[in-house]
Protein chains: 6
Amino acid sequence: MLIQVVNPNTTASMTDLIGRSARAAAGPGTAVVAVNPAMGPVSIESHYDEALAVPGLLAQIAAGEAGGADGHVVACFGDPGLDAARELAAGPVVGIAEAGMRVATHLGRSFGVVTTLARTTGRAWDLAARYGLREHCRTVRAVEIAVLALETDPAARARIAAECADVVATEGVDAIVLGCAGMADLAAELTVRVGVPVVDGVAAAVVTVEGLVRLGLTTGKRGEFAPPPPKPYSGPLAGFGGEPSGAHAPHLSPVPTR
Amino acid sequence: MLIQVVNPNTTASMTDLIGRSARAAAGPGTAVVAVNPAMGPVSIESHYDEALAVPGLLAQIAAGEAGGADGHVVACFGDPGLDAARELAAGPVVGIAEAGMRVATHLGRSFGVVTTLARTTGRAWDLAARYGLREHCRTVRAVEIAVLALETDPAARARIAAECADVVATEGVDAIVLGCAGMADLAAELTVRVGVPVVDGVAAAVVTVEGLVRLGLTTGKRGEFAPPPPKPYSGPLAGFGGEPSGAHAPHLSPVPTR
Amino acid sequence: MLIQVVNPNTTASMTDLIGRSARAAAGPGTAVVAVNPAMGPVSIESHYDEALAVPGLLAQIAAGEAGGADGHVVACFGDPGLDAARELAAGPVVGIAEAGMRVATHLGRSFGVVTTLARTTGRAWDLAARYGLREHCRTVRAVEIAVLALETDPAARARIAAECADVVATEGVDAIVLGCAGMADLAAELTVRVGVPVVDGVAAAVVTVEGLVRLGLTTGKRGEFAPPPPKPYSGPLAGFGGEPSGAHAPHLSPVPTR
Amino acid sequence: MLIQVVNPNTTASMTDLIGRSARAAAGPGTAVVAVNPAMGPVSIESHYDEALAVPGLLAQIAAGEAGGADGHVVACFGDPGLDAARELAAGPVVGIAEAGMRVATHLGRSFGVVTTLARTTGRAWDLAARYGLREHCRTVRAVEIAVLALETDPAARARIAAECADVVATEGVDAIVLGCAGMADLAAELTVRVGVPVVDGVAAAVVTVEGLVRLGLTTGKRGEFAPPPPKPYSGPLAGFGGEPSGAHAPHLSPVPTR
Amino acid sequence: MLIQVVNPNTTASMTDLIGRSARAAAGPGTAVVAVNPAMGPVSIESHYDEALAVPGLLAQIAAGEAGGADGHVVACFGDPGLDAARELAAGPVVGIAEAGMRVATHLGRSFGVVTTLARTTGRAWDLAARYGLREHCRTVRAVEIAVLALETDPAARARIAAECADVVATEGVDAIVLGCAGMADLAAELTVRVGVPVVDGVAAAVVTVEGLVRLGLTTGKRGEFAPPPPKPYSGPLAGFGGEPSGAHAPHLSPVPTR
Amino acid sequence: MLIQVVNPNTTASMTDLIGRSARAAAGPGTAVVAVNPAMGPVSIESHYDEALAVPGLLAQIAAGEAGGADGHVVACFGDPGLDAARELAAGPVVGIAEAGMRVATHLGRSFGVVTTLARTTGRAWDLAARYGLREHCRTVRAVEIAVLALETDPAARARIAAECADVVATEGVDAIVLGCAGMADLAAELTVRVGVPVVDGVAAAVVTVEGLVRLGLTTGKRGEFAPPPPKPYSGPLAGFGGEPSGAHAPHLSPVPTR
């Protein structure tokens, strides 16, 4: 089984970190390829970044389908482009917010999310509502560390741990969900430090996709998520249109896969 | 006052129709400019189309801001890119789904939506839920006419009228909301034919933006909708990044405004 | 276009203030008449006051209809008698709570309400729930200043400003909605002081009604909001019954309009 | 124990019917007095009627308090004026919609409401939502018989029975709630005919008030439902204002109690 | 009328206390018998205890039906086994959480629950959600006193009173619901001390069942709550199976009734 | 890794079927043991059966923990005893309803449930609500085939297939969830026949538990789901009490594991 994990920003070091977490989560016989787009923002910290990361993400989904991926993970906690990716892919597509939050519901009554910047917490609440988890999600907290600073700020780890501990102490949650793919390497350590299970969405999404593929389950394709109707596209995105055959969007200008 | 109405697809004849409806709705002293992007799909009929229409839409928002627009309408019933546009623009930004549905709530207890393709009804429900209108919206019906066929199919008008009448008869709604900007010219005629008010989202959004501008109200900018943090972008979307000064995204490659 | 703004209490100085705000919000070509009933309480600060303000309000709605008003604003934040007024009037009727809260939803994700007395906050929550805005409304705060003291208490302005600032600081809302028609003159000043848009419901309702009238939209009249069936009324309210012709309630004892 | 049951319309024959049902429901040692206002509409079939029935209702509540009633029932399925009555009365006040629907929840998972006119079903849904029973209430059906015709239309009983049977057959509800005080005499017969428990709100409210009084429970009076602040009232409703002492509103012009 | 109150734990002294409260709540002509199972836990303080108390509870319900009880109260705030008991019994069955919370809704807008151990608060929220009372229930607080320590801990009464007072002060609720049958004797005293009505669920359930029986209302038996289909059971619970005739479960090994 | 799958009824042939499905779903290196209790009902078709199946289920959970199971599946669509099992077990515990419904949410917007008897559909809705999936679950349909007849009724397979097809045709769902562990062998065949993914909860729960164990995630144990406090139990369930050491409930009378 081949699972493609797409980091929708363009920062290769973050893709590497995500790939390591994903491979650690995958079971025997599952190969993981971690990729990122060649176009778009270096990090996703606003609705603007998120919207503009989606074309590159979709190009990677199409490339991964063409390259034989059995399923896909969208490795950004805003779950950008998830509905569009499900239309495009034959295999299942899972976002790390949906996977992280859903996995947390199996661990108790409630969870809290700890993320990077306060301006992104609204998006996390949007997703919790859409996934039916408004009651289960008790709080979304931000440590005010920029996404790319997670790798470089020596204080990042301690601040995240402190916030997780505070969520447990004040909200009484049964679990924590980490709100950024760039925190994927922290879950095990934090689980020990804060005393409740800490869920990394990347790992959660990998095991979820793995399970779906093993069970032969993929997106229902008879209605809303049927392949998008082919049509002319123009301008810099012209390659996304055209006459799809089999996999959608054969005219997509090739995007290098890492 | 100058209001920019952005049709997020690339079909100029539809932009013309939208512009006529918008100008008819505007009050004395309000100028309306209707534009569409130079990149993206010719129509929006899937999550995939919608996602890929957003970059062009955002370029138009930025261009409109630079061109002195006091406020903006996003003229597609999926309200694509609305959150990102609110981050980007200094003036208010209103989508035609949110405006159409909210206006309908002032006309009674409940409304129904009549739209183009069944595969887009899920998005309409998503928006109704996000705007808090799940209880007010009783049904979302599709006539299965493609967006661009609204202009060319001689049977379109009659089928839409029949569906509206059926919604009133079977659901007892107090109002109808038209679920596509391409239906903007039908509201007045349908109001007479079906006997309840029929709301065109384009007109609703124009009067909403006009009111906001007159009252000096615009997006709150101290939190989630502050201007997006500037950062490097790469590939075909590189122009969307850079170091914004004043209005965001000065390096946006110029997009012709109609 | 003629818009009637009804202050449902009997205090003329407050009607004057509301009228000034309403006229400032109206666009070119729109005339505004502000009136109040000749019967009922001097201010509305309880469910009891609200219930007993409604007969006078409805008499004014009927008088306004007879006097050629194209639409009506109910200028009390409890939106008293709104459903009954919609049955009675041919033109659209909008309450200042519904208009204020709905306008606020176009300005970001969330808002807070700042109102007069704590005992009225329950009614504000009722309305937020009915309008589908429980999630958008983060808090309803009271400054414990009686309605009529808004005009006379020299500390009122500062206390309201302080409460608004605290709501922004502690709740992170994108906008504030003022929870009393008697605060209508404060919105512009507070917007500057607290750094997020502050919405006056009177102004919001005026532009909303203006938009509805311009678009030819009014209450759906085929079901719940059809004119009330005529029938005998007795006692001091006998004038509200009778055999309506054209406009309902022709036997209403005349109520002087300011 | 003395329970006052207020029929908020002015039709004495309906008050008699309500009184008989109420007395049949009361336990040993409980006296029931059934009254109706001397002012207002002969029946309540619109938001307009309901709003204009409230002053007369409140006068009866005040008179009942003065006359030694230990608790009150508001015997109209719209629960008109309930919040205001709770402010006014020292004893508990219960509406027949809230009592009927809450009692039904003890009888299974779901119930349906069968009422008079379709235009009143919106109000029933409003109340179900406010009482938290949107999920428990599966349908609200109207037989399109006017309130006063319940007494005179020989076909009324059969049509109501047929509608109840249809609700059970098509919705699978565990219970039926009758949606009008004028149906109070039908519950026992209908329970036998349709095979599920049929709840009369008048009887349900009587036993509810009786239980509250016996347990010494009444409206919490420290916040929203404290006695309304006294203040000047003018016009035909001037008697509702004044300086209350002990029971509120001593200047209420006397209203004869049946 | 005979009402059986079942304390689902095996502690006789607590059954006595519950019985006293129940008898004090019952009206003239109503007999109350308070019983507890001969099997199961001495107190219910976890989901585990609650699940294992249900067989004993159901045996008591069956015994009470055989013994002529007209209705039943389940006297544990988790409302254990309520759905199963409704299938089993011909008469109505009411839990003390549902009765306590529903009664509280007649006393104002909101209530708070004060209970024993924090680990049981999740169950209280589950029930509030199921009964549609998430909005009405503002908080669930625990005093961290074990159930059986309520009888023996001399500080219990003061701690419960302090918590009730704090709920009123900080949440502004209109009423308090006591979250344990073992607190049944405290309601009257606490009502005086904290200044808002304090509801004991046992008393609330007794008057609720009494009202249902008087009105001839019981569980709807045509669907979900029809008698359970008889079938073989094995092991220590074998007596719960068999071929029911009339009342279900005639082969239940006799359980002594106190 | 060892996963214990507990069929909570006592029918060994059904346990065999469940075990085969579970083993087919498990990945390389995962051992599955399928067991059922020695006490309780032969099938679960009522709230009564479900309640009385829980003691046997909990005994199996305790036995499985003692026997080295890393995680547990509760293989009945009512998810009986799930909260209690989570208190009892150190490893993760997942129900087939929660797993089946959550997996379905990754496959599109909506799903329908097809189950055995109509009287159990209420429980399915309860669970959907608790898991936050009321909006995602569009319908719960019953084929009116008793649980044990699934193995013996030659028409069962065709009727289930027909109901699934009807759900897709009339509700437009993206996926189907099978509502009984006894249908575990039908999912693959039905996926082909009805054209949307059909989810077997047993398989879904196995891959879910497998993922949790691989990621080192288990129930949060610091609050509601801490081990239940030990205490005396009496009667036939006395073995469930006692003084737990390490794993809870060492005095549980041994229950043979298949």
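The values are calculated or read from the model by the stated rules, or taken from the named source; none is laboratory data. Worth saying up front: this structure is predicted, and the values here are computed from it rather than measured. Neighbour counts run over all protein chains shown; Cβ positions are idealised from the backbone, glycine included.
Overview of values
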{"read-out": "Residues (more than 7 Å from every other protein chain (Cβ to nearest Cβ), more than 30 Å from A:A158 (Cα to Cα) and in contact with a strand residue (DSSP E or B) (Cβ under 6 Å, 6 or more places away or on another chain)) located in the stretch A:201-237", "value": "A:V209, A:V213"}
{"read-out": "Qualifying residues in the stretch B:11-41 (those that are hydroxyl-bearing (S, T, Y) and either surrounded by fewer than 24 Cβ atoms within 10 Å (Cβ to Cβ) or over 23 Å from B:G81 (Cα atoms) (or both)) - the one nearest to the chain's Cα centre (by Cα)", "value": "B:T15"}
{"read-out": "Scope the stretch B:207-217; condition surrounded by fewer than 24 Cβ atoms within 10 Å (Cβ to Cβ) and touching a helix residue (DSSP H, G or I) at 6+ places or on another chain (Cβ under 9 Å); matching residues", "value": "B:R214, B:L215, B:G216"}
{"read-out": "Yes/no for F:A69 being more than 9 Å from chain E (Cβ to nearest Cβ) and surrounded by fewer than 24 Cβ atoms within 10 Å (Cβ to Cβ)", "value": "no"}
{"read-out": "Test for F:A204: is it crowded, with 24+ Cβ neighbours inside 10 Å and of a type in the set (A, V, I, L, M, F, W, C)", "value": "yes"}
{"read-out": "Matching helices (runs of 4 or more DSSP H) fully within the stretch B:27-109 where at least 2 residues are over 13 Å from C:H106 (Cα atoms) and of a type in the set (A, V, I, L, M, F, W, C)", "value": "B:47-66, B:82-88"}
{"read-out": "The stretch A:25-47 residues that are farther than 15 Å from A:M14 by Cβ and more than 7 Å from every other protein chain (Cβ to nearest Cβ), paired with ones that are part of a loop (DSSP other than H, G, I, E, B) and not basic (K, R) (beta carbon under 6 Å, 6 or more apart)", "value": "A:T30/A:M1; A:V32/A:A26"}
{"read-out": "The listed residue being surrounded by 24 or more Cβ atoms within 10 Å (Cβ to Cβ) and over 14 Å from the mean Cα position of the chain (by Cα), out of D:G64, D:G95", "value": "D:G64"}
{"read-out": "Helices (runs of 4 or more DSSP H) enclosed by the stretch C:125-200 - at least 1 residues per element that are farther than 17 Å from C:S43 by Cβ and within 14 Å of chain B (Cβ to nearest Cβ)", "value": "C:156-171, C:187-194"}
{"read-out": "Positions within the stretch F:165-223 being on the phi > 0 side of the Ramachandran plot and in contact with a Lys or Arg (Cβ under 7 Å, 6 or more places away or on another chain), in sequence order", "value": "F:G195"}
{"read-out": "Of all residues in the stretch B:116-147 being out of contact with any Leu (no Cβ under 8 Å at 6 or more places or on another chain) and of a type in the set (S, T, N, Q), the one that is nearest to B:D174 (Cα to Cα)", "value": "B:T139"}
{"read-out": "Every residue from the stretch A:35-74 that is out of contact with any helix residue (DSSP H, G or I) (no Cβ under 7 Å at 6 or more places or on another chain) and at positive phi", "value": "A:G68"}
{"read-out": "Test for B:V113: is it farther than 16 Å from B:L178 by Cα, in contact with a helix residue (DSSP H, G or I) (Cβ under 7 Å, 6 or more places away or on another chain), crowded, with 24+ Cβ neighbours inside 10 Å and at pLDDT 95 or above", "value": "no"}
{"read-out": "Some residue of the stretch C:219-236 being more than 24 Å from the chain's Cα centre (by Cα) and among the basic types (K, R)", "value": "yes"}
{"read-out": "Single residue of B:V196, B:V192, B:V147 found to be crowded, with 16+ Cβ neighbours inside 10 Å and farther than 23 Å from C:R130 by Cβ", "value": "B:V147"}
{"read-out": "Inter-residue pairs, beta-carbon under 6 Å, first farther than 14 Å from B:A142 by Cβ and assigned by TED's automatic domain parsing to the domain that holds B:M14 and in the stretch B:154-182, second in a loop (DSSP other than H, G, I, E, B) and at pLDDT 95 or above, 6+ apart", "value": "none"}
